[in-house]
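So the structure is just underneath, and the comments pick up after that.
Bear in mind these aren't lab numbers, they're just calculated from the coordinates by the rules spelled out. The shown structure was predicted, so the numbers you read here are calculated from the model rather than taken from an experiment. For neighbour counting, all protein chains shown are included, and Cβ atoms are generated from backbone atoms with ideal geometry for every residue, glycine included.
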Amino acid sequence: MAVVVKRVGEVKGLVLKSPLYWESIELLARDEVSRGIFYALPDGSKLHYLKRKIDASNTAEKEPEPTYETGGGRWQFVYFLVPEFDVAWIMNLALVL
């Protein structure tokens, strides 16, 4: 599995936070024939092969803000910059909304 992730990550032109990236990893991890074909292709053809094999977008998806559902309410992380330090330290403060 680690080899599959490494090889898919090396594909030129493939956006790492795209659905195509994640679907490629899943496909190549479970389908031995597709994995063998993918490994045998020259570098310039790998992205084209993945696009033909998988119907997914190659554009990055924005990750949602982390929220945590609890029994009585919702938690959300809020970030503050602390100006007293030379390096911008980030403090994590959980607030109940």
task = Evaluate the distance, in nm, between pseudo-label points positioned 7 Å from the Cα of Met1 and of Ile25 along their respective Cα→Cβ axes.
result = 1.0
query = What is the spin-label model distance, in nm, from Tyr39 to Lys17 if the labels are put 7 Å beyond Cα along the C-beta direction?
reply = 3.1
